[in-house]
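Here's the structure we're looking at; comments come further down.
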Number of protein chains: 2
Amino acid sequence: MTWVYLDGVFVDAGQARVAAGDAGLLYGRGLFETFRARRGRVYLLERHLARLEAGAGTLGIELPAALGGLWDIVRELAERCGLDDARVRLTLTAGPSTLRLRSVQAGLRTSPEGGRPTLLLQARPATDYPERMYQQGASAIIVPVRRNETSPLSRVKSLNYLDNLLAREQARSAGADEALFLNTQGRLADGSASNVFLVKGGELLTPPVEDGALPGVTRGALLELAKGAGLGSREATLVSDDLLGADEAFLTNAVAGVLPLVSVDGVPVSSGAPGEATRRLRALYEAAAQG
Amino acid sequence: MTWVYLDGVFVDAGQARVAAGDAGLLYGRGLFETFRARRGRVYLLERHLARLEAGAGTLGIELPAALGGLWDIVRELAERCGLDDARVRLTLTAGPSTLRLRSVQAGLRTSPEGGRPTLLLQARPATDYPERMYQQGASAIIVPVRRNETSPLSRVKSLNYLDNLLAREQARSAGADEALFLNTQGRLADGSASNVFLVKGGELLTPPVEDGALPGVTRGALLELAKGAGLGSREATLVSDDLLGADEAFLTNAVAGVLPLVSVDGVPVSSGAPGEATRRLRALYEAAAQG
């Protein structure tokens, strides 16, 4: 049986229901985090929580007290689902709405009509990225839709996720693994479900949050781990030509870890095979994550 | 008691629940339409349906057969709720998801795992726009976040509605009634819950859909009604200075109808009072809508 955690209880996934008036459903007023639980352990869970908290501030959602026990919830959920290696999604919404716009700025962070945040956790096997993808490397296309870096939502993992979803589907139907977004100024931002990195002249580079990159938890970890792989690292404004002129490139997210990126729009990145620095960084990341 | 219509049945609003795995909740994969039902009658309901159908194509959602009986559903909902003048919101989502990305382009418009669209209708009194707002006129601010006209979502009334919601809240906390968006090129697009029009030299002008204007049903009606008010009408690329240099300006949506816009960022539009052409257009619109 597949279980989910919903507002304090574990229930059969097929039976889990939320209020039809939930602002998460009506307007996408909510957030999510996706991470990997291996033997009940989540790497950098506290950073996922910190990002969730920042997003909750932007969206005017109060953090439920249950998040204090998140470690235990994740462990029990994975155990109930019989998953040794789980992809876990946490969803937090603003809860039932009265269909009236509520003023966040006025300090009403919870609705006087009684909107209580909805907290949902779902788990499934972490099988999205088979080992052959790491050996062969992933492909990406650059999609025409731009990442809107002028919106606070570009820095928040919100339930307004359709641009990502449609871009990913566009990539898949073009035979590619991932979709990359440029921002409204034509600068590289991030992927539909990943951050993007390149290695050039012994340095690790990734687009800054100001250019529309989601502040990924794994992205942050890689910027710190670079030193251990003998690389400098920094945020840098990049364009698509920088990718194609790079020594190596890779994608990151909390489920995939470090995934080599070997072609963009059908053009190989460097040799078109996963690079050495990428391999070293993946090993360092996996050692830390599985530690 | 407040009723809602949910997937074929009328239920107590407080008891209405949707699957926690609904793609509308998890990703905002869904659409909505808001309209006004006066004595059970909805002006231009078929155009709302046409827009819904177009959006469903973009998002890969199959239209439920129940929409064929929408007139009756709306009438019964308003009656059950005891609303002679109702603001009705229709929500259509992609339904329960397996958390796996599904390929729309591959022609899988419904999930093979059994995702069935969710159809929800909610009603409340149409009291958002009191008569004094029409007499005094509304105020707007231009918000810093841009409308992303590069996204297909700018042409679809989707559940990814947070930019609109946050912009509206920003306007309200600044003491204004509405937020106006420029697009990524700095051109005028639309309002957070309205389209924007200006009258200049006997012509009615409104931003084209290509500039990020949502193809509003009331917007379309106004472009047609203009002739009856002795005005030409056309779509035109506009900037914020055009608004301030206009003879008159107004906002439209299906609940408000035609709402005079008399100030932008604290600067009066023309005399700072509702204009004559706006009054004539409102009268024409209301005659048609209430006819």
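The values are calculated or read from the model by the stated rules, or taken from the named source; none is laboratory data. Every value quoted in this text rests on a predicted model; they were computed, and no experiment measured them. FYI the Cβ positions are ideal-geometry reconstructions off the backbone, even for glycines, and counts take in every protein chain you see. We work out accessible area using only protein heavy atoms, side chains counted, and drop any ligands, DNA or RNA first. Shrake-Rupley method; radii C 1.70, N 1.55, O 1.52, S 1.80 Å.
What is the sum of charges, Lys and Arg at +1 and Asp and Glu at -1, for the other residues whose Cβ falls under 12 Å from the Cβ of B:PHE197? Spell out each step's value before the answer.
Numbers: positive: B:LYS200, B:ARG219, B:ARG234, B:ARG282; negative: B:ASP190, B:GLU203, B:GLU235, B:ASP242, B:ASP247, B:GLU248.
Here the charged neighbours net out to -2.
Taking a probe of 1.4 Å, how large is the accessible area per residue of segment B:177-291, in Å²?
On the way: 3950 Å² over 115 residues.
It amounts to 34 Å² per residue over segment B:177-291.
Using a Gaussian network model of chain A whose springs link C-alpha atoms within less than 10 Å, name the residue from A:GLY266, A:GLY137, A:GLY275 with the highest mean-square fluctuation.
So, out of A:GLY266, A:GLY137, A:GLY275, the one fluctuating most is A:GLY266.
What number do you get for chain B when its Cα radius of gyration is normalised by 2.2 N^0.38 Å, N = residues?
Details: Rg = 19.3 Å, N = 291, 2.2 N^0.38 = 19.0 Å.
After normalising by residue count via 2.2 N^0.38 Å, the value is 1.02.
Which of the lysines could a cross-linker span from B:LYS227 if the Cα-Cα distance has to be under 26 Å and same-chain partners fewer than 8 positions apart are dropped?
Output for B:LYS227: B:LYS200.
Per residue, how big is the convex hull around the C-alpha atoms of segment B:131-290? Give it to me in cubic angstrom, could you? Please report the intermediate quantities before stating the final value.
On the way: hull volume 16.1 nm³, N = 160.
For segment B:131-290, the hull spanned by Cα atoms encloses 101 Å³ per residue.
Quickly estimate the mean residue ellipticity at 222 nm for chain A, helices only: each DSSP H run with n ≥ 4 gives -39500 (n - 2.57), and the total goes over all residues, rounded to 500.
Numbers: 8 runs with 78 residues, N = 291.
Theoretical 222 nm ellipticity from helices: -8000 deg cm²/dmol.
Taking Cα atoms, how many degrees apart are the long axis of helix B:70-80 and the longest axis of chain B, rounded to 10 and kept between 0 and 90?
90 degrees
Please report the accessible area of B:TYR43 (heavy atoms, 1.4 Å probe, ligands and nucleic acids excluded) in Å², nearest 10.
50 Å²
If Lys and Arg each add +1 and Asp and Glu each add -1, what is the summed charge of the other residues whose beta carbon sits under 9 Å from the beta carbon of B:GLY257?
On the way: positive: B:ARG36, B:ARG282; negative: B:GLU286.
For residues surrounding B:GLY257, the net value is +1.
Relative to the longest principal axis of the C-alpha atoms of chain B, give the angle of the C-alpha long axis of helix B:276-290, reported between 0 and 90° and rounded to the nearest 10°.
30 degrees
Quick one: work out Rg over Rh on the C-alpha atoms of the protein assembly as shown, Rh as Kirkwood radius. Mind showing how you got there, number by number?
On the way: Rg = 24.6 Å, Rh = 25.0 Å.
Ratio value, two decimals: 0.99.
Could you check the simple spin-label distance between A:ARG234 and A:LEU44, using points 7 Å along Cα→Cβ, in nm with one decimal?
2.1 nm
List the lysines whose Cα lies under 26 Å from the Cα of B:LYS157, skipping any in the same chain that are fewer than 8 positions away.
Cross-link targets: A:LYS157.
Cα centroids of segment A:11-59 and segment B:251-291: how far apart, whole angstrom?
Going from one Cα centre to the other spans 42 Å.
One decimal, nm, shortest first: give the distances between the label point of A:SER271 and those of the same position in the other copies, each label point 7 Å from Cα along Cα→Cβ.
7.7
Please list, in order, the residues from segment A:200-217 whose amide nitrogen is less than 12 Å from a point placed 7 Å along the Cα→Cβ vector of A:ALA288.
Hits in segment A:200-217 for A:ALA288 at 12 Å: A:217.
With no solvent and one equal point scatterer per Cα, compute the Debye intensity ratio I(q)/I(0) for segment B:3-125 at 0.12, 0.14, 0.22 Å⁻¹ and report its log10, rounded to two decimals.
-0.44, -0.59, -1.26
Report the calculated FRET efficiency for B:GLU131 and A:GLN136 (r = Cβ-Cβ distance, R0 = 51 Å), to the nearest 0.05. Could the numbers behind the result be given before it?
Values: r = 66 Å, r/R0 = 1.30.
FRET efficiency, B:GLU131 to A:GLN136: 0.15.
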